[in-house]
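Student: I am attaching a structure below and will ask some questions about it afterwards.
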Amino acid sequence: MKALEGIKVLDFTHVQSGPTCTQLLGWFGADVIKVERPGVGDATRQQLVDKPGADSLYFTMLNHNKRSIELNSKNETGKEVLTRLIEECDVLVENFAPGALDRMGFSWERIQEINPRIILASIKGFGPGRYEDCKVYENVAQCVGGSASTTGFRDGLPMVSGAQTGDSGTGLHLCLGIVTALFQREKTGRGQKVSAAMQDGVLNLCRVKLRDQQRLEAGPLKEYSQFGEGIEFGDSVPRAGNDSGGGQPGRILKCKGWETDPNAYTYFIIQAAIWDKVCDVIGEPEWKTDEGYATPDARNDKLNQIFERIELWTMERSKFEVMEICNPLNIPVGPILSMKEIMEDEGLYKTGTLVKVDHPERGEYVSVGSPIKLSDSPVEVSRSPLLGEHTQEILSSVLGYNGADLERVIDSGAVGEVKRQAAE
Ligand SMILES: CC(C)(COP(=O)(O)OP(=O)(O)OC[C@H]1O[C@@H](n2cnc3c(N)ncnc32)[C@H](O)[C@@H]1OP(=O)(O)O)[C@@H](O)C(=O)NCCC(=O)NCCS
């Protein structure tokens, strides 16, 4: 048995943020029914295409463990089918532009009328307020959530990160909200509305930077490199390059081969608890007792010099050798792994974090499996659906349309041309 077995999800999501959420629900065992515009589908099917004629990796990697129904929700019969889906499902997840669901005729009030037990889960760019009507994509969310202003180097541009904290991060937040609402519904019998704004999600993940904003009032942020460099702080949290975000100073340091390999680097943290071991490893044992180096406070204004010395040591070793030497000593280090190296890591396939998936149009591809492992609800990753692959199956077996009634729905044009042919 899977944790969410028996839960039906009406998946009205597209692009990245919403699909991330419903994919997780599918991995936990929910029956995820993805509603897509007839003949078009989720726009990502045809974005960043690497194999002409096949669904893109953008789509396939975000839509595992789902069924697809083509449905025009603005057509009268389409609205009837959507109403039936709302009646049958436990959760409706959507990430349309603000107001789109209302414009279709499915306000929260109307949805509750149809099914008071349903949970309506929505992702928008912003919460209520002056920007609530804006359409938002990943990088915009990273900018308005405080991530971009605090990422990058002090003397460079604000930077967005490769981690999709705006889209996938908000999808994760929403997923937690949905499961929590399902848990509450067990006791109350009532559904509720779950909202997650991308700005809020990014800000939540940037919590430590809001911490630092307030710490600034008490004086300079001593663990930031610029403190040791004697550069004054302004009135907002500066970009801190690769300085550690915690109280433990850390940097990215060059390793053997850095001249030609863009990823021959390691992260290196000098936690107070293992300072003595760091000194011994790099060959500076006198720093253990020297007053200028022995305590974290004493080291704060010399961090550049200290890390330059450590780097002389790391540059003579590969990033993996650094890991092998430091790990047994509890010195926190980590190699900068390229996507190529990650994709070749057999250990990640063994844990199901990476999976190989077969697809009728694309053949085999590699995807990221569930990062969350439940001991009693193992995840089996199945391929993403083709557009409308399950239209008839859902109309019949989930909604009970059969015979002439099924023909009527297909003939109405609400579920797309392809399915009309399949029905003949
Ligand atoms: C992502 C986003 C910017 C995309 O905008 P978009 O491509 O213009 O798509 P929209 O969500 O506005 O939807 C376009 C239209 O398609 C319609 N539509 C979608 N599915 C449909 C269906 N099955 N049948 C009929 N119409 C459909 C919508 O109702 C909408 O119509 P409207 O403009 O008349 O209301 C926008 O959806 C958004 O801001 N979403 C919330 C934030 C978010 O999730 N962003 C991250 C995405 S990774």
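Student: Under 16 Å from a point placed 7 Å out from the Cα of ASP155 along the Cα-to-Cβ direction: which residues of region 191-235 have their backbone N that close?
Tutor: Inside the label zone: 225-233.
Student: Further question: By counting other Cβ atoms within 10 Å of each Cβ, how are ASP102, ASP376 ranked from fewest to most?
Tutor: On the way: ASP102 13, ASP376 7.
Placing the least packed residue first, the sequence is ASP376, ASP102.
Student: Fewest to most neighbouring Cβ within 10 Å: what's the order for MET339, MET104?
Tutor: Details: MET339 9, MET104 17.
Lowest to highest Cβ neighbour count: MET339, MET104.
Student: Now, a different point. Length gain on complete extension for the stretch MET315 to GLN213, per 0.36 nm per residue less the alpha carbon to alpha carbon distance?
Tutor: Details: separation 102, 0.36 × 102 = 36.72 nm, distance 3.46 nm.
Fully extending the segment from MET315 to GLN213 adds 33.3 nm.
Student: Kindly list the residues of region 5-19 that lie in the label zone of GLN184, defined by a backbone N under 20 Å from the point 7 Å along the Cα-to-C-beta vector.
Tutor: 7-10
Student: Let me ask something else about it. If you take the charge dipole of the chain about its Cα centre, with +1 on Lys and Arg Cβ and -1 on Asp and Glu Cβ, which of LEU337, GLY201, ILE306 is farthest toward its positive end?
Tutor: Farthest along the dipole direction, towards plus: GLY201.
Student: Place a +1 charge on the Cβ of each Lys and Arg in region 258-355 and a -1 charge on the Cβ of each Asp and Glu, then give the dipole magnitude about the Cα centre in debye, rounded to the nearest 20.
Tutor: It comes to approximately 260 debye.
Student: Kyte-Doolittle mean at least -0.5 and Cα extent at least 20 Å along the axis: which DSSP H helices of the chain qualify? Can you show the working numbers first?
Tutor: Numbers: long enough: 167-188 (31 Å, 0.22).
Qualifying helices: 167-188.
Student: Just the number: Rg to Rh for region 1-133, Cα atoms, Kirkwood Rh, two decimals. Write out the running numbers ahead of the final one.
Tutor: Details: Rg = 14.9 Å, Rh = 15.4 Å.
Rounded to two decimals, Rg over Rh is 0.97.
Student: Also, I was wondering about something else. What is the distance, in nm, between label points placed 7 Å from the Cα along the Cα-to-Cβ direction at ASP276 and at SER397?
Tutor: For the pair ASP276/SER397, the computed spacing is 6.5 nm.
Student: Another one. Could you please rank MET343, MET315, MET198, placing first whichever residue has the fewest other Cβ atoms within 10 Å of its Cβ?
Tutor: Working: MET343 12, MET315 16, MET198 29.
So the ranking, lowest neighbour count to highest, is MET343, MET315, MET198.
Student: Okay, next question. With +1 on the Cβ of every Lys and Arg and -1 on the Cβ of every Asp and Glu, and nothing else charged, how large is the dipole of region 279-424 about its Cα centre, in debye rounded to the nearest 20?
Tutor: 260
Student: GLU407 versus GLU380, label points 7 Å from Cα toward the beta carbon: distance in nm?
Tutor: Distance between label points: 3.7 nm.
Student: Applying 1/(1 + (r/R0)^6) with R0 = 30 Å to the Cβ-Cβ distance of ARG110 and ALA3, what FRET efficiency is obtained, to the nearest 0.05? Could the numbers behind the result be given before it?
Tutor: On the way: r = 30 Å, r/R0 = 1.01.
Calculated value: 0.50.
Student: Right, another one. Are there any GluC sites (Glu not before Pro) in region 1-70 that are in a DSSP loop and have at most 12 other Cβ atoms within 10 Å? List them by number. Numbers along the way, then the final one.
Tutor: Values: sites: GLU5, GLU36, GLU70; in loops: GLU5.
Hits after loop and neighbour filter: GLU5.
Student: Ok, one more. So, R0 is 41 Å and r is the distance between the beta-carbons of LEU48 and ASN242; what FRET efficiency does that work out to, to 0.05?
Tutor: 0.90
Student: Cα-Cα over 32 Å: which of LYS254/LYS373; LYS8/LYS340; LYS8/LYS135? Don't skip to the answer; put the middle values down first.
Tutor: Values: LYS254/LYS373 34 Å; LYS8/LYS340 37 Å; LYS8/LYS135 28 Å.
Correct reply: LYS254/LYS373; LYS8/LYS340.
Student: Here's something else I'd like to know. Run the dipole for the chain about the Cα centre, Lys and Arg Cβ at +1, Asp and Glu Cβ at -1, nothing else charged, and hand back the magnitude in debye, nearest 20. Intermediate results must be reported in sequence, preceding the final value.
Tutor: Working: 47 positive and 62 negative charges, 157 e Å.
For the chain, the charge dipole is close to 760 debye.
Student: So what's the projected area for the chain, the Cα convex hull averaged over all directions, in nm²?
Tutor: For the Cα atoms of the chain, the hull's average projected area reads 24.7 nm².
Student: Something else now. Give the separation of the Cα centroids, region 334-376 to region 139-162, in Å.
Tutor: The two parts, judged by their Cα centres, are 28 Å apart.
Student: For a 31 Å ceiling on Cα separation, which of these pairs sit above it: LYS34/LYS193; LYS187/LYS356; LYS34/LYS187; LYS209/LYS350?
Tutor: Numbers: LYS34/LYS193 19 Å; LYS187/LYS356 40 Å; LYS34/LYS187 28 Å; LYS209/LYS350 36 Å.
Long pairs (Cα-Cα over 31 Å): LYS187/LYS356; LYS209/LYS350.
Student: Additional query: In 5 Å bins starting at zero, report the fraction of Cα pairs in region 246-331 per bin as a rounded %.
Tutor: Spelled out bin by bin, region 246-331 gives 3, 15, 26, 27, 16, 9, 3, 0 percent.
Student: Right, next: Please work out how much length the chain gains when fully extended from ASP102 to THR295, using 0.36 nm per residue of separation minus the C-alpha to C-alpha distance, in nm with one decimal.
Tutor: Working: separation 193, 0.36 × 193 = 69.48 nm, distance 6.03 nm.
Answer, rounded to one decimal: 63.5 nm.
Student: What is the distance in Å between the Cα centres of region 278-318 and region 170-214?
Tutor: Centre-to-centre (Cα) distance: 42 Å.
Read the figures in this text as sums done on the coordinates, not as results from a lab. Keep in mind it's a predicted model, so treat the numbers as computed, not measured. Reconstructed Cβ throughout: ideal geometry from the backbone, glycine too, with neighbour counts over all protein chains shown.
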